[in-house]
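Values quoted throughout were computed directly from the atomic coordinates according to the rules given, and no laboratory measurement underlies them. In this text the structure is predicted, and so the values were computed from the model without any measurement. Heads up, the Cβs are rebuilt from the backbone with ideal geometry, glycines too, and the neighbour counts pull from every protein chain shown.
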Number of protein chains: 4
Amino acid sequence: MPKTERWQWYVEEFSATEQHHHALEETYYSGKTPFQSVAVVRSATFGKMLILDGDTQSSQADERIYHETLVHPALAAASDRSSVLILGGGEGATLREVLRSPDVRSCTMVDIDGEVVALSKRYLPEWGAAAWDDARADVVIGDALAFLREREQTFGVIVSDLTEPLPDSPSHPLFNGNVFRDIKARLADGGVYVLQASTAGFHNMALHAKMARTLRGFFVHVRSFYTHVPAFDNDWAFLACSDRSDLAALDPATIDAYVAKLRGENYFYDAETHRRLFALPLYLRRELAKAGETF
Amino acid sequence: MPKTERWQWYVEEFSATEQHHHALEETYYSGKTPFQSVAVVRSATFGKMLILDGDTQSSQADERIYHETLVHPALAAASDRSSVLILGGGEGATLREVLRSPDVRSCTMVDIDGEVVALSKRYLPEWGAAAWDDARADVVIGDALAFLREREQTFGVIVSDLTEPLPDSPSHPLFNGNVFRDIKARLADGGVYVLQASTAGFHNMALHAKMARTLRGFFVHVRSFYTHVPAFDNDWAFLACSDRSDLAALDPATIDAYVAKLRGENYFYDAETHRRLFALPLYLRRELAKAGETF
Amino acid sequence: MPKTERWQWYVEEFSATEQHHHALEETYYSGKTPFQSVAVVRSATFGKMLILDGDTQSSQADERIYHETLVHPALAAASDRSSVLILGGGEGATLREVLRSPDVRSCTMVDIDGEVVALSKRYLPEWGAAAWDDARADVVIGDALAFLREREQTFGVIVSDLTEPLPDSPSHPLFNGNVFRDIKARLADGGVYVLQASTAGFHNMALHAKMARTLRGFFVHVRSFYTHVPAFDNDWAFLACSDRSDLAALDPATIDAYVAKLRGENYFYDAETHRRLFALPLYLRRELAKAGETF
Amino acid sequence: MPKTERWQWYVEEFSATEQHHHALEETYYSGKTPFQSVAVVRSATFGKMLILDGDTQSSQADERIYHETLVHPALAAASDRSSVLILGGGEGATLREVLRSPDVRSCTMVDIDGEVVALSKRYLPEWGAAAWDDARADVVIGDALAFLREREQTFGVIVSDLTEPLPDSPSHPLFNGNVFRDIKARLADGGVYVLQASTAGFHNMALHAKMARTLRGFFVHVRSFYTHVPAFDNDWAFLACSDRSDLAALDPATIDAYVAKLRGENYFYDAETHRRLFALPLYLRRELAKAGETF
């Protein structure tokens, strides 16, 4: 690679001692919204990347791994997926995956940062694709918490694609018992609530385990699942919560029937992948079995 | 972290545009053997790390993920695990895992680089642990190829822990049809040959797929399995080859019975983890199904 | 510094083993012209920086060190500075410094890359300042070589602010005997030709010495001078060539009288600084005294 | 450069946003003494480097620039250089330069960190060379402050090669009025006290100026001088203090006579270099002329 192509780098700092350096081919945008800093860049390996507050949110090359994992197990398991709610998900790919299911008749997405939505439409059209213009989509720019409290509608599936509830994050006030009660109030009876839920890496499982412990106080079935997302340099975890469905026990035939009806082809997910996602290694099962703090 | 702790870094270059930077707390050793460059360092997140030719070989914090995956599925599936052969594996952890099985009566390990073995005994005692002194162990410093050709013994399990067959690697001549014929000659009838087999990352699956295609010409059952190894920043793949056992179909009860007999506790592997390892995502199954070159 | 401010870095590679990393606060522009890649960025220490083909060209914080050194010794020494020619100098600061002298009645600047000129006007207004609109300025977008051959005018001072004549640079064809003959043809009798002339760092003096040796074949007096330019991380060298003036012997009173007449205040240069610039350390004098190749 | 040669890097952090990265060919030593962290490494451009608390102290390739500048102007100016005191200077190169003068009959060096002295003898023999065994050398491991107070001897030249008086440095208590009184008490009448005195870079002159202001309260003549030291990535400053000698006005003939008598050849320093060292640019003279705090 000639030197002129290698002057600008995106450095993701995982800690004071661990960093991933990506040489960038282009910086499309770099700025601040009222809520966070935003950048859209392009690297040779990952293609376009969306960066919020210095953290990779998704990359063109592997965002389907993340978004198919977030959306399809929950939709496959839901007894009623006609109406879906997405919290966050500003880049539009969660919306895109939800709308690939012909059973979905309406999908409401609530994101607080309208600038991220606008930047994603402009710079990341591959993410949202036709979903932004789908008649079933209702994109609300606003506070997810207020939305949950003010609406009376219920949803068969609620997908939370918020950033992690770290102290400085705009998502932090969205992770506590009051909010879970609000979410349950919006969830149809027996519906599925799924959320991205921090990392499952051996060195950093504590936040995920705390999220899982907290949610077990609110739902009959709370299942952890995870996959390595290369652009995150980490094993990324999710939680599937329901009073009726145990996603770890979902029948392979049900999954494959669901996948077969999706518009377009999956890249990552089907019944075999589902088996991988929900089969957890020993060290993670041990961590999840520990007692400890809740939110 | 004070500045004085952060002056020395290990930079692993995955490509001209992707790097992982680890701040080091200590460099125990850095030098060259007749075969490769070797370093033993320590980082805050990964503990001690063994680096060969600039690539991470294993880290104290997660080497059990790699070594349990390399060793135990094969041993669990083998009809006869009384005698095991390890090719490579200089740091001793593969030997340690093999010897945890009380069914193993002898384990021969052949590594060409005696200096790596000596450095591992000195600086990485946690890797080999008591295995170096186990009466069942026979550590041979020498050329694996010559060993395969000169011995007449057969083994119920052969574990290949060689570095990747990249053009400049000392392992390169060990990956071709002649060698596989030699390996089969040393493998007991119906035995299991398992090897670490490059990456399964979405951006770099080609070498693994080529290895798999090649081995399908030699064995009835050739199964890919993989796990994310955090210290490698990658999904790491393995191949299990046998004329009798299909490791993807191994019975959970058999696995758990095998694991229950191991000395000490597993960190990563059991029947549920086995299910994860062998359940492959769509994109990898598609890659493996493609026709293409062989070695 | 919060993590969100430190995700983007400009890495200047001096060699395969030496790099300077600057955390960037902003990337104003990054793209390619027909001649080179261009970026305008901002760092905390250096302010705005202009980067061509991955190399720092000038920084807001210390560009006066470079530009005062390039321009004022030559103008102070020239017997006639009424008309000045600048080759290159696209960011406009060389033009700005020349026009600070009230003795200058016209200054022609010839730069091949009109996009760099336009980007500098837009993003680096501090560099060119009022000079772009000065009635004495004549900015020609075009090939310096063609300009030298086609014009018949002569100039009392010619200032070359071209990038280094490295093999891939657009400046490479501008550094050879034919060009020096063309320059002499445009230089008034006894005029001064000054050029930026690569580094004088102990580890990288060879190109400068070769430039000096070459020019000694064309001019009676050829003097090296240099200063450390922090944004370049290097000792930067210049050559002053004249058949009449020996700049190393220039009278301090002449310098101070010249400086006193300049519009605005100098930051770096006066008679004492001149003494520093032209007093060379032993190792550099030894290098310059060696025989060797010429261009 | 092959990848295997480029895995280990020394990162010097100048600030949270500026870093110099050196690829290392070897780490000879890395550890901690009771006073500081110490490393001895080797890079392609700079050769061996001594690093204390994460900061470059000297490099094989350019240490003569630093050490000749620290020692020879003071010795050249001193009316009596028969006995010299060095404070700090653990790597031995300051001692080596002092002993190159045949006029020096004894040189006492006091360094608190005996481990740095021992490591320098072992790993950096090029620095101290024959000086360690010179009969005129008296190397005292101990506290410089105690030494100054307990001895009654006076010295014609005192050379301070202590690390910068930053808050956490072992040198911090050695920089205040009481210490300067102690130093004057040990300095022969009309002797010269010279010290390394932080940076003169445009972005970081404040500490140097404060040191200069402080010393003007103790000596008739206090002169700043500086040179770019490539391994430091910075303009490095010194202060020459004397009640009799003004080093900025030192006669070139005196300097050249002094240099001619030195054993071996200089690399950097002679009368012309002296002129460069003491001729300061405008911005630094302005900074030094400002009123402000003292130590």
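Kindly identify region C:209-282 as rounded, prolate or oblate by the Cα gyration tensor criterion: order the square roots of the eigenvalues as a ≥ b ≥ c, call it rounded if a/c is under 1.5, otherwise compare a/b with b/c, prolate if a/b is larger, else oblate. Oblate. Between the helical axis of D:63-77 and the longest alpha-carbon principal axis of chain D there is an angle of about 10 degrees.
Averaged over the residues of C:23-29, the number of partner chain Cβ atoms lying within 10 Å of the residue Cβ comes to 4.
DSSP bridge analysis restricted to chain A gives an antiparallel fraction near 65%, rounded to the nearest 5. By the beta-carbon count within 10 Å of each Cβ, the least crowded to most crowded order of B:Val116, B:Val104, fewest first, is B:Val104, B:Val116.
Counting pairs of Cα atoms in region B:10-100, how many percent are more than 20 Å apart?
46
Please state the relative contact order of region C:63-289 as a whole percent: Cα pairs under 8 Å, 6+ residues apart? That works out to 22 percent. When GluC sites (Glu not before Pro) are flagged only if DSSP places them in a loop and at most 12 other Cβ atoms lie within 10 Å, the longest unflagged stretch of chain D comes out as D:1-151. Between D:Asp256 and A:Asn176, the simple spin-label model (points 7 angstrom out along Cα→Cβ) gives 8.1 nm. Per residue, the convex hull around the alpha carbon atoms of the protein assembly as shown comes to 203 Å³. For the cross-link pairs B:Lys32/D:Lys32; D:Lys48/D:Lys121; C:Lys121/C:Lys184; A:Lys48/A:Lys121, the ones whose C-alpha atoms lie over 20 Å apart are B:Lys32/D:Lys32; C:Lys121/C:Lys184.
Measure nothing but the geometry: give the 0 to 90° angle between the long axis through the Cα atoms of C:114-123 and the longest principal axis through the Cα atoms of chain C, rounded to 10°. Value to nearest ten degrees: 60.
Calculated mean residue ellipticity, 222 nm, chain B: -8500 deg cm²/dmol, from DSSP H runs (n ≥ 4) at -39500 (n - 2.57) each, averaged per residue and rounded to 500. Computed about the Cα centre, the dipole magnitude for region B:63-289 is approximately 600 debye when only Lys and Arg (+1) and Asp and Glu (-1) carry charge, each at its Cβ. As a length-normalised measure over Cα pairs under 8 Å and 6 or more apart, the relative contact order of region D:3-59 settles at 24 percent. Under the rule a/c < 1.5 gives rounded, and otherwise a/b versus b/c splits prolate from oblate, where does region A:63-289 land using the Cα gyration tensor? Note, shape of region A:63-289 comes out rounded. Within the straight-line cut-off of under 24 Å between alpha carbons, the lysines reachable from B:Lys290 are B:Lys210, sequence neighbours fewer than 8 places apart in one chain being disregarded.
Sorted shortest first, the distances from the D:Ala146 label point to those of the same residue in the other copies are 6.0, 6.9, 7.8 nm; each point sits 7 Å from Cα along Cα-to-Cβ. The angle separating the long axis of helix A:206-216 from the principal Cα axis of greatest extent in chain A is about 20 degrees.
With the highest mean first, a sort of the peptides B:159-165, A:143-149 on other beta-carbon atoms found within 10 angstrom per residue produces B:159-165, A:143-149.
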